[in-house]
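The values are calculated or read from the model by the stated rules, or taken from the named source; none is laboratory data. Since we're looking at a predicted model, the values are computed, not measured. Cβ atoms come from the backbone with ideal geometry, glycine included; neighbour counts cover every protein chain shown. Areas reflect the complete protein model, heavy atoms only, side chains present, ligands, DNA and RNA absent. Shrake-Rupley method; radii C 1.70, N 1.55, O 1.52, S 1.80 Å.
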Amino acid sequence: MANLFDPFQMKGISIKNRICMPPVVCYGWACEDGMVTDKNVEHYRAIVKGGTGLIIQEATCICPEGRISADQLGIWSDAHIPGLHRIVDAVHGEGVPIFIQIHHAGVIGGMENVVCPSDYTCVHKGREKHGRELTSAEIQIIEQQFIDAARRAYAAGYDGVEIHGCHGYLLCEFMNRRVNRRTDEYGPDSMKILENILDGIRKVTPPEFVVGIRLGLFEPTLADSIAHARWLDAHGIDFIDASYGFTYAMDPEMPENYPLLDIHYGAQEIKKNVSVPVFAVNSIKSAAMAQQVLDVTGVDMVDIGRGILVNYDWANDARAGRDTGRCLDCAECMWRIDTEKCAGKRLLKKQRAHG
Ligand SMILES: Cc1cc2nc3c(=O)[nH]c(=O)nc-3n(C[C@H](O)[C@H](O)[C@H](O)COP(=O)(O)O)c2cc1C
Ligand code: SF4
């Protein structure tokens, strides 16, 4: 079993501990051109100064029409490369590796005329969304946009990419047979879109470039997701960051009396079925709980998302045995990252001010 502060090696990349900052979109920081701002750079610099072993940069969109919101970071043109390079330099400057999550929001996107593998209607954030079925020619364009995004990520200096295949977004929709009802080669029993994207990325990046995926755990069942994970393992994926959420076309499960959450159970079952590193996430509120997740599930890395939003120094504090603070689930960060409004951050500040 891994200790939270054990180093980890993934391909040629050395990670100093098992603590990963997972992708967390900083809503409201970028403009409509998707360019990196100073605020983005300083955010990641502060996180790595705080001791985190690995960064997976927030969902960064492969095309303007696939954005979750108009202020999302972009990687759809070569013009984005210099700004992204600034984030990489800030993170590498502290000796920490960084991957970037490449993303298309599919039916739950925030732009006009959203698309989906099949015609599909769902409710997201209280609004009914209808996705128009993609043609196969449009799918091929999206495959190329993912491949181009990975090429740009490599050019910007990232150590790897994480393909966003989770949380109800486009590639997740392809993998879920309750959403994807196509009858062509991209139909529900096929991983064709992932195959074309992975093969294409391998052609435009060198072998040491890490290509992982954020994979849905219950799409729609755990058995389906295990099959997806096994397929990805056999097709050369380098890691699986296991999560789920944000849609209703899923059947989460876990055994009675399981000591953690269903999302951790799912990651544990994926880990048992693949040869590559697996990451677990969600509501890990303390260093003790992070260690428990490693111990119980056998995964390789833990993601601390909102915990690190509350306290950039989460990893250093955990290592020193100090209180890390914790997310109070106020959901303020789901809409705008205004650090002053974060309930967990305010509580930690208050506690520290009172010794
Ligand atoms: C404000 C916010 C933005 C997020 N953005 C992303 C994202 O870009 N990509 C992604 O895969 N998950 C995203 N997530 C989910 C987180 O990566 C993580 O899985 C989730 O917050 C649960 O982990 P935690 O309890 O440690 O925060 C986001 C979560 C929040 C709160
Ligand atoms: S306390 Fe609220 S704003 Fe802060 S990380 Fe948690 S949910 Fe987000």
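Let me confirm something: among ARG45, ARG67, ARG18, which residue is at pLDDT 95 or above, of a type in the set (Lys, Arg), within 19 Å of the chain's Cα centre (by Cα) and closer than 30 Å to SER275 by Cα?
ARG18
Based on what the data block shows, is ALA150 in a helix (DSSP H, G or I) and surrounded by fewer than 20 Cβ atoms within 10 Å (Cβ to Cβ)?
No: the conditions fail for ALA150.
Of these, ALA287, ALA315, ALA280, ALA331, which one is farther than 21 Å from GLU269 by Cβ and touching a strand residue (DSSP E or B) at 6+ places or on another chain (Cβ under 8 Å)?
ALA315
Given (1) β-branched (Val, Ile, Thr); (2) in contact with a Ser or Thr (Cβ under 8 Å, 6 or more places away or on another chain); (3) open to solvent by 20 Å² or more (accessible area, probe 1.4 Å), identify the lone condition not met by THR221.
Unmet condition: (2).
What are the pairs, 6+ residues apart or on separate chains, where a residue within segment 299-312 that is modelled with pLDDT of 95 or more has its Cβ under 6 Å from a residue that is assigned to a strand (DSSP E or B) and open to solvent by 10 Å² or more (accessible area, probe 1.4 Å)?
none
Yes/no per residue for (1) over 20 Å from the mean Cα position of the chain (by Cα); (2) in a loop (DSSP other than H, G, I, E, B):
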residue: ASN113; (1), (2): yes, yes
residue: THR121; (1), (2): yes, no
residue: LYS129; (1), (2): yes, no
residue: ARG132; (1), (2): yes, no
residue: ILE142; (1), (2): no, no
residue: PHE146; (1), (2): no, no
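When the residues of segment 167-194 are filtered to those that are over 15 Å from HIS104 (Cβ atoms) and among the small types (Gly, Ala, Ser), which remaining residue is most open to solvent (accessible area, probe 1.4 Å)?
SER190
Against the condition modelled with pLDDT under 95, crowded, with 17+ Cβ neighbours inside 10 Å and within 14 Å of ligand 1 (Cβ to nearest atom), how does THR247 come out, does it pass?
yes
Among the numbered conditions (1) free of Cβ contacts under 8 Å to residues at least 12 places away in the same chain; (2) away from ligand 2 (no atom under 16 Å from the Cβ), tell me where LYS350 comes up short.
(2)
Please identify the pairs in which a residue from segment 161-175 that is under 12 Å from PHE218 (Cβ atoms) has its Cβ atom under 9 Å from the Cβ atom of a residue that is open to solvent by 10 Å² or more (accessible area, probe 1.4 Å) and part of a helix (DSSP H, G or I), counting only partners at least 6 apart or on another chain.
Going by the 9 Å Cβ cut-off, the qualifying pairs are MET175/ASP224; MET175/HIS228.
I'm checking my understanding of the structure. Among residues of segment 26-42 that are open to solvent by less than 20 Å² (accessible area, probe 1.4 Å) and at pLDDT below 95, which one is farthest from the chain's Cα centre (by Cα)?
ALA30
If ALA242 meets every condition in (1) within 16 Å of CYS172 (Cβ to Cβ); (2) open to solvent by less than 10 Å² (accessible area, probe 1.4 Å); (3) part of a helix (DSSP H, G or I); (4) touching a helix residue (DSSP H, G or I) at 6+ places or on another chain (Cβ under 7 Å) apart from one, which number is that one?
(3)
When segment 72-111 is examined, which residues are found to be among the small types (Gly, Ala, Ser) and not in a helix (DSSP H, G or I)?
Once the filter is applied, which keeps residues that are among the small types (Gly, Ala, Ser) and not in a helix (DSSP H, G or I), segment 72-111 yields GLY74, SER77, GLY93, GLY95, ALA105, GLY109, GLY110.
So which of ALA353, ALA331, ALA315, ALA280 is at pLDDT below 95 and within 15 Å of ligand 1 (Cβ to nearest atom)?
ALA331
Which of the residues belonging to segment 330-347 are near ligand 2 (Cβ under 9 Å from one of its atoms), surrounded by fewer than 20 Cβ atoms within 10 Å (Cβ to Cβ) and under 23 Å from the mean Cα position of the chain (by Cα)?
Listed by number, the residues that qualify are CYS330, ALA331, GLU332, MET334, ILE337, ASP338, THR339.
Check whether at least one residue in segment 254-263 is modelled with pLDDT of 95 or more and part of a strand (DSSP E or B), and report yes or no.
No; the residues of segment 254-263 include none that is modelled with pLDDT of 95 or more and part of a strand (DSSP E or B).
The rows are residues; the columns are (1) part of a helix (DSSP H, G or I); (2) within 11 Å of ligand 2 (Cβ to nearest atom); (3) closer than 22 Å to ALA46 by Cβ; (4) open to solvent by less than 10 Å² (accessible area, probe 1.4 Å).
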site	(1), (2), (3), (4)
ALA288	yes, no, no, no
GLN291	yes, no, no, no
ASP295	yes, no, no, no
VAL299	no, no, no, yes
ILE308	yes, yes, yes, yes
TYR312	no, no, yes, no
ASN316	yes, no, yes, no
ASP323	no, no, yes, no
LEU328	no, yes, yes, no
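Report yes if some residue within segment 13-20 is in contact (Cβ under 8 Å) with a residue 24 or more places away in the chain and within 27 Å of GLU332 (Cβ to Cβ); otherwise report no.
Checked segment 13-20: at least one residue is in contact (Cβ under 8 Å) with a residue 24 or more places away in the chain and within 27 Å of GLU332 (Cβ to Cβ).
Please name all residue pairs, on different chains or six or more residues apart, with Cβ atoms under 6 Å, provided the first residue is in segment 42-68 and is at positive phi and the second residue is buried (at least 23 other Cβ atoms within 10 Å of the Cβ).
GLY51/ALA315
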